[in-house]
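Structure record follows, encoded as structure tokens.
The values are calculated or read from the model by the stated rules, or taken from the named source; none is laboratory data. Keep in mind that what you see is a predicted model, and the values were worked out from it rather than measured. We place every Cβ from the backbone using ideal geometry, glycine too, and count neighbours over all the protein chains shown.
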Amino acid sequence: LRLHEALKLFADVLEKGFMTDKSVTIFFNKYDLLQAKLQNPEKATINQFFDDFPSKYDARNADDVCKFVFAKFLALFNQKHPDSKFPPRWHSTYALDTEQVDNLLGDIQLELIKKNVFSLF
């Protein structure tokens, strides 16, 4: 499963120290396509591949799936960088939404400003 591979790769990158004192953003690309796929009852759901998917979440709800997946990445990050001033964030992007690029760039700019302000103290 690609998600297992992505988590392993993320853990390896963290282990190498490349993300020390860095702002990290996890992207959920093609969120709209994920929503459509989850609505198809013939498609598998994440709880079939991850036994720890919480029962309070809906495996056919894209927000719940993204929260769960982000929590996996966040747990790996927090194991390696428990005192980080820059906890990871996540963004969902849509395959056909060009307006979202403006929002994303605004968020990135905000992260850069925060990092520069922290460096002053």
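Scan segment 55-96 for residues that are within 16 Å of Val24 (Cβ to Cβ) and of a type in the set (A, V, I, L, M, F, W, C) and the total you get is 11.
When you scan segment 81-104, do you find a residue that is part of a helix (DSSP H, G or I), farther than 28 Å from Val117 by Cα, out of contact with any Asp or Glu (no Cβ under 6 Å at 6 or more places or on another chain) and of a type in the set (A, V, I, L, M), even just one?
Checked against the condition, which is being part of a helix (DSSP H, G or I), farther than 28 Å from Val117 by Cα, out of contact with any Asp or Glu (no Cβ under 6 Å at 6 or more places or on another chain) and of a type in the set (A, V, I, L, M), segment 81-104 yields no hits at all.
Could you list, in sequence order, all residues of segment 20-63 that are buried (at least 17 other Cβ atoms within 10 Å of the Cβ), assigned to a loop (DSSP other than H, G, I, E, B) and of a type in the set (A, V, I, L, M)? Correct list: Val24, Ala59. Test Leu1 against the stated conditions and say whether it is modelled with pLDDT under 90 and hydrophobic (A, V, I, L, M, F, W, C). Yes. Of all residues in segment 4-33, those being at pLDDT 90 or above and among the polar types (S, T, N, Q) number 0.
Checked against (1) surrounded by 13 or more Cβ atoms within 10 Å (Cβ to Cβ); (2) modelled with pLDDT under 90; (3) over 17 Å from Phe10 (Cβ atoms), His91 meets all criteria but (3). Against the list (1) modelled with pLDDT under 95; (2) closer than 26 Å to Val117 by Cβ, the condition Phe70 fails is (1).
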